[in-house]
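Taking it in order: structure first as structure tokens, then the write-up.
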Amino acid sequence: MPGKINLTLIKQLRKERHYTYADMANALGLREPEKYYRREAGQYKFQAEELPPLARKLSIPISKIFK
């Protein structure tokens, strides 16, 4: 089983790339930026099907998402 999702890295990369919560929500197919924010803040877990589009949006291999 993969390790925990590295929320710190995800947030850092999003900020470096100047992506808004809305940009990220759209990439993951979420209707509201708040839904993405909750995932990045650790209030709600990323779903398995959201990880490939997340990795693509951040231009990283999916393995980098995990600690």
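Every read-out reported here was derived from the displayed coordinates using simple, explicitly stated rules and does not represent laboratory data. Being a predicted model, the structure only gives us computed values, none of them experimental. For neighbour counting, all protein chains shown are included, and Cβ atoms are generated from backbone atoms with ideal geometry for every residue, glycine included.
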Surface/4 of the Cα convex hull for the chain, nm²:
3.9 nm²
Where in the range 39-67 does the label zone of residue 12 land, with the point 7 angstrom along Cα→C-beta and an amide N cut-off under 20 Å?
39-43, 46, 54-67
If I take every Cα pair under 8 Å that is 6 or more residues apart in the chain, average their sequence separation and divide by the length, what percent do I get for the relative contact order?
43 percent
Return the long-range amide H neighbours of residue 66 (sequence gap of 5 or more, or a different chain), with a cut-off of under 5 Å between placed amide H atoms.
6
